[in-house]
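Below: one structure, written as C-alpha cells.
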Amino acid sequence: MKKFLLKNIVFSTIKDINSIILPHHKKKIVLIVMLILFGGVLDVLGLAAILPVATLVFDPTNIHKSAFIHSVFINLGFESDHAFLYFILICFWLIFLFKNAAASLISYLQSKFSYSVAADISQKQFENIMNHDLQYFNEHNSTNLVRNFQFMPFHFSTYLLLPTLVLMSEIVVLIIILVAISLYNITVIGLMIVTLAPSFILTYKLIKSRTQFYEKERNRLNTELTKQAYQTINGYIDVKLFNKERYFMGVFKLDQSKFRRVSTNSFTLNLIPSKIIELTAISAVIIMFAYTLYSPSARESISIMLPLFIAAAYRVMPSMNRMLIALGSIKGFQYVIQIIKDGLQPVPNNSDQSNSSALSFNHYIEFKDVSYQYPSGKKLSVDSLNLRVEKGQKIGIIGKSGSGKTTIINILLRFLKEQSGGIYIDDKKITISEENQWRQLIGYVKQNVFIIDGDFYENIAFGVPRDEVDKDKLNSVLKLSKLDEVVDKSPLGLNSNIGENGTKLSGGQRQRIAIARALYKEAQILVFDEATSALDNETEKEITESIEAISKENKTMFIIAHRITTLKNCDVIYEMQDGKIIGAFTYEEIAKTILEN
Ligand code: ADP
C-alpha cells in the first residue's frame, strides 16, 4: 500500500524535479540529501546518548563496570568519579552544541540551495517570456505571467523540492531508528508498525485530496485577488467616476473571504496528522496499561517494552509528521509542475542580442506585398500592401480607425510577422536574426508612452546606467524635444521623479519624453502613432514644433495622425482603408479637401 502510494506521487515528482532543475543543481542535490541525512543521524545520536549518560550519573559505579568507559577514565588520567562525570556532562553538552550548530548550517545550505534553484528557474522563465512575440502578450494576462515566473519557481522549491528531500532523508533516518530499536527489542518494532503505520496511511488518505483542492484553490484565488487589486487601482479614475468602489471592493472582499476560508482549512488540515498519530500512540500505551491490569502476568514483559516504545515513538512521531506534511505538500503543489514545465519550454529567439547596429540603412524601406491577419481576426488587417519610403522622407498615414495603421507599424517594428510579403531595407529583406538590430534604428512615440517610475535620466537614457549617460547629448535632446523647461521647473531637475506611468507629467510632456528617448537613442527612423490625438491645442502646437525641429534632422519619419496639422511637414500622406493604401496626397491637397467639406 505504502509502496503504491510512494510510487504514484513521490517517484513521479522526483522524475519531474530531475527534468526541471539545471545540471549544476543536480550535482548539489546529492550533497544536500547527504547533509540532511547527516543532520537526522546526529539527531538520533543526540537522543541515544541520553540513556548512557543518565546511567552513569545516577549510578557512578557503572563507570567501572563497562570496560570501554573504564579505559577512557584511565587513559585520560582521571582520579575521581565526580571529575569524570563533569567531563562526561561537558562532552554531552558539546555533542548537542555541535548537533545544533550543524543543524543550523544544514538549514542554511538547504535554503540557499532551494532559493538558488528557484531563482535560476525564475530567471530562465523570465528570459523565455521576453522571447515571445507581441501576440503572446496580447493573448496572456500579465498578472498570470508575472505570477508564473515570480512565485511558481519558489513554490516549486519550497513545496516540492525540499519536501521531497526531507521525505527521502526521513525515510532513511526512520529505517536507522527502526533497525537500532530492533537490536534491543524486536517486539517493539512489531508494535510500532501495527499501531503507527495504519494511522500514517489513513491520515494521508484523509488529507491528500483535500490538500490538493485547497492549494489549487488558494492559487486561483490569489491570482484573482492580485488581478482585481491591480484593476481597481489602475482604474481609479473610472471607478470613482462611476461611483463603483463598493462594487469592486465587494468582488475583492468576496474572493478574499473565500481565500481566508480555504487558507484556514488548509492550515488546520496540516495540523491534523500529528494529532492523529499522537492519539494512536497514546492509545497503544493505554491499551498496554489496561492489558497489565487485565493480565498481571504480562506486566513484566510490558514494563520492559513500554519505555522503549514511548522513547521510540517520541522520536518517530515527529518524523512521521514531517513525512506526512512533506507528502501533503508534494500532493498539494503538483499543479506547479506543469506551470514550470510550460514556462521552461524553450522559446526560439534568433535575434542577435548584442547592441551592435551593423544593419545598414542607406536608401529606402519597402513594404512588398505585405499581408497580415490576426489569429483571432476574421479578415486581413493588412492586405497586399506596397509602400516605399526613401531615407529621410517624412510620410503621414491617415485613415479611419481600424483601417490597419497600427498593424503596419507593428509589422515595421517586427512585433508582428506578416503571413506573406516582407519588409525590405535597401533591397534586402530583414531576417529574423536582424530584427534586434533593426529596432535599434527606430524610435517609437506611441499613444500611451511607457514611463518608468524613476527620474528624467532613467526615462530619457532608457536602460543606460547613470554613470554612462552622455550629459551633452542629453542636454541637446532636451532642447530638441522642448523638455528643458519642464526639467528646469522640476524641483530636482533631471533627478526629479516623474512617477509611475508619468503621473506627474501632462500628456504632452509624456509624449515629449518619448521623443527625447528616441533622439537620445539616435534613432534614424521615427514613428509617431496617433501622437497628437489626445492632446490639447497648446500641447499639440508644442509637439508639432518638436516634430518640425526634428524634421530638419535627416530622420525618416512615419507619422500616424488624427489631427491634420501634425502632418504639415510630411512629404507625402497616404490614406489607408481596409488594410490597403487607397491614395497618396500632399498636405495642401488634404487641407483643401477638409476645407471644402
Ligand atoms: P488602426 O490603427 O488603423 O485603428 P489597427 O491596425 O489597430 O487599426 O486594426 C486593424 C484591424 O485589425 C481592425 O479591424 C482591428 O479590429 C483588427 N485588430 C487589431 N488588433 C487586433 C488583435 N489583437 N486581434 C484581432 N484583431 C485585431
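The values are calculated or read from the model by the stated rules, or taken from the named source; none is laboratory data. Since this is a predicted model, take the numbers as computed values, not measurements. No Cβ is skipped: glycine too gets one built from the backbone with ideal geometry, and neighbour counts run over all protein chains shown. Keep in mind that these areas ignore ligands, DNA and RNA; they rest on the heavy atoms of the full protein, side chains included. Shrake-Rupley method; radii C 1.70, N 1.55, O 1.52, S 1.80 Å.
Restricting the first member to the stretch 394-405 and to residues that are on the phi < 0 side of the Ramachandran plot, and the second to residues that are within 6 Å of the ligand (Cβ to nearest atom) and open to solvent by 20 Å² or more (accessible area, probe 1.4 Å), the beta-carbon pairs closer than 6 Å and six or more apart or on different chains are Lys405/Gly399. The residues in the stretch 173-197 that are part of a helix (DSSP H, G or I) and either open to solvent by less than 60 Å² (accessible area, probe 1.4 Å) or outside the structural domain of Asn8 (by TED's automatic domain parsing) (or both) can be counted, and the count is 15.
Of all residues in the stretch 78-102, exactly one satisfies the criterion of being of a type in the set (Asp, Glu) and open to solvent by less than 60 Å² (accessible area, probe 1.4 Å), namely Asp81. Is it fair to say Tyr115 is under 13 Å from the mean Cα position of the chain (by Cα), more than 27 Å from Ser376 (Cβ to Cβ), among the hydroxyl-bearing types (Ser, Thr, Tyr) and in the same structural domain as Ile20 (by TED's automatic domain parsing)? In short, yes. Between Val57, Val117, the distinction of being open to solvent by 40 Å² or more (accessible area, probe 1.4 Å), of a type in the set (Val, Ile, Thr) and in contact with a Leu (Cβ under 9 Å, 6 or more places away or on another chain) belongs to Val57 only. Total residues in the stretch 204-252 satisfying the condition of being touching a Leu at 6+ places or on another chain (Cβ under 9 Å) and free of Cβ contacts under 8 Å to residues at least 24 places away in the same chain: the figure is 1.
Take Lys521 and decide whether it is modelled with pLDDT of 85 or more and under 28 Å from Gln437 (Cα atoms). For Lys521, the condition - modelled with pLDDT of 85 or more and under 28 Å from Gln437 (Cα atoms) - is met. Quick check: anything in the stretch 331-339 within 30 Å of Arg147 (Cα to Cα), more than 16 Å from the ligand (Cβ to nearest atom) and either in a loop (DSSP other than H, G, I, E, B) or not assigned by TED's automatic domain parsing to the domain that holds Gln125 (or both)? Yes, the stretch 331-339 contains a residue that is within 30 Å of Arg147 (Cα to Cα), more than 16 Å from the ligand (Cβ to nearest atom) and either in a loop (DSSP other than H, G, I, E, B) or not assigned by TED's automatic domain parsing to the domain that holds Gln125 (or both).
Scoring His562 on the criteria (1) at pLDDT below 85; (2) touching a Ser or Thr at 6+ places or on another chain (Cβ under 7 Å); (3) open to solvent by less than 70 Å² (accessible area, probe 1.4 Å) leaves a single failure, condition (3). For Ile408, indicate whether it is touching a helix residue (DSSP H, G or I) at 6+ places or on another chain (Cβ under 7 Å), within 24 Å of Tyr587 (Cβ to Cβ) and within 15 Å of the ligand (Cβ to nearest atom). Answer is no for this residue.
Summed over the stretch 271-319, the residues that are among the hydroxyl-bearing types (Ser, Thr, Tyr) and open to solvent by 50 Å² or more (accessible area, probe 1.4 Å) give a count of 6. Of all residues in the stretch 120-155, those that are farther than 13 Å from Gly343 by Cα and crowded, with 17+ Cβ neighbours inside 10 Å total 3.
Total residues in the stretch 239-265 satisfying the condition of being open to solvent by 90 Å² or more (accessible area, probe 1.4 Å) and either over 30 Å from Ser209 (Cβ atoms) or assigned to a loop (DSSP other than H, G, I, E, B) (or both): the figure is 8. Checked against (1) more than 16 Å from the ligand (Cβ to nearest atom); (2) of a type outside the set (S, T, N, Q); (3) modelled with pLDDT of 90 or more, Pro348 meets all criteria but (3).
So that you can scan it fast, the table gives a plain yes or no per residue for (1) open to solvent by 10 Å² or more (accessible area, probe 1.4 Å); (2) within 16 Å of the ligand (Cβ to nearest atom); (3) touching a Pro at 6+ places or on another chain (Cβ under 6 Å):
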residue: Leu412; (1), (2), (3): no, yes, no
residue: Glu418; (1), (2), (3): yes, yes, no
residue: Lys428; (1), (2), (3): yes, no, no
residue: Thr431; (1), (2), (3): yes, no, no
residue: Asp467; (1), (2), (3): yes, no, no
residue: Gly493; (1), (2), (3): yes, no, no
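Among the residues of the stretch 123-169, just one is in contact with a Gly (Cβ under 9 Å, 6 or more places away or on another chain) and among the small types (Gly, Ala, Ser), namely Ser169. For Ser376, the conditions (1) within 16 Å of the ligand (Cβ to nearest atom); (2) buried (at least 19 other Cβ atoms within 10 Å of the Cβ); (3) modelled with pLDDT under 90 are fulfilled apart from (2). Taken over the stretch 379-398, the residue count meeting the criterion of being more than 12 Å from the ligand (Cβ to nearest atom), surrounded by 17 or more Cβ atoms within 10 Å (Cβ to Cβ) and not hydrophobic (A, V, I, L, M, F, W, C) is 2.
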